[in-house]
Ligand code: UDP
């Protein structure tokens, strides 16, 4: 059920199958790193061995973003749908509410994780949010945070430090923490806290989320230059028969 796209192993599970898979991690209490991979990071991984290895060592990598889905189609190994960080987070929260899973939120500017937790709690009164931590801890505070997480032992730790920082952080900390599901969620907590907005639905459907982000956060343009480069690489791969 995985494809290999430009060197990265990516799941071709749909959203509901992805949620079931993650549910099984919690039942089995194995330790799992979940990455929602977008084109920008996959492009970066072409030149960063450590990043590519981290992606390929994760237990589950979902196709986040229109770029990955498009590339998979062009290269003849289509994935059925996008499984984005924010959508998967919302689905997992819903499931956590249903099944009584205990979740913790880590990352974002001070106050963001707490506000995100408050908003989720309003929507799901019985949701068990067992910890919120901001993403700018000193190393001493981070040690304390790790101790707390080991003690609390949540079922899911959402890590919002931005990609790829959060991926390296999860790789380096997952064994110490012993949490069954550690998932990098980028700017998701900002959206849940109401501090950032997601693109309107029509833009999501037209695969223009990247354009919305570029308009709202123009300083990201340098990072986003990776997108046309990614598209070019995909087309070159298609035409030149470079290994997928
Ligand atoms: N962040 C953090 N600690 C850091 C760097 C970033 O908590 O040391 C947070 C930042 O406040 C923001 C998120 O990580 O909430 C990054 O969001 P962005 O939308 O840039 O992530 P991406 O979607 O690109 O992964």
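None of the figures in this text is laboratory data; all of them are computed from the coordinates on show. What you see is a predicted model; the values in this text were computed from it and never measured. Here the Cβ positions follow ideal geometry from the backbone for every residue, glycine too, while neighbour counts run over all protein chains shown.
Expected output is a single nm value to one decimal: the length gained when fully extending between residue 77 and residue 223, i.e. 0.36 nm times separation in residues minus the C-alpha distance. What is it?
Gain on stretching residue 77 to residue 223: 49.9 nm.
Please give the peptides 106-113, 65-72, 28-35 ranked by average Cβ packing (other Cβ atoms within 10 Å per residue), highest first, as a rough proxy for protection.
65-72, 106-113, 28-35
How much mean residue ellipticity at 222 nm does the chain get from its helices, if each DSSP H run of length 4 or more adds -39500 (n - 2.57) and you divide by all residues, to the nearest 500 deg cm²/dmol?
Calculated at 222 nm, the ellipticity per residue is -15500 deg cm²/dmol.
So what is the relative contact order of the chain, in percent, for Cα pairs below 8 Å that sit 6 or more residues apart?
Taking the mean separation of contacting Cα pairs over the length of the chain, I get 24 percent.
Which order do peptides 135-141, 75-81, 183-189 fall in by mean Cβ count within 10 Å, highest first?
183-189, 75-81, 135-141
Considering every pair of different Cα atoms, what Kirkwood radius, in Å, is found for segment 157-244?
15.6 Å
Sketch the reach of a paramagnetic label on residue 2 as a point 7 Å from Cα along Cα-to-Cβ, and name the residues of segment 142-157 whose backbone nitrogen lies under 15 Å away.
none
Restricting to the chain, compute how many DSSP beta bridges are antiparallel as a %, nearest 5.
The antiparallel fraction comes to roughly 15 percent.
Run the numbers for residue 196 and residue 29: contour at 0.36 nm per residue of separation, minus the present Cα-Cα distance, in nm.
Full-extension gain reported as 56.8 nm.
Using the 2.2 N^0.38 Å rule of thumb for compact globular proteins, work out how the chain stacks up: its C-alpha Rg over that value, please.
Relative to the rule-of-thumb radius for its length, the chain sits at 0.99.
Provide the packing ranking of 97-105, 46-54, i.e. peptides ordered by the mean count of other C-beta atoms within 10 Å per residue, highest first. The partial results should precede the final answer.
On the way: 97-105: 18.7, 46-54: 14.1.
The most tightly packed comes first, giving 97-105, 46-54.
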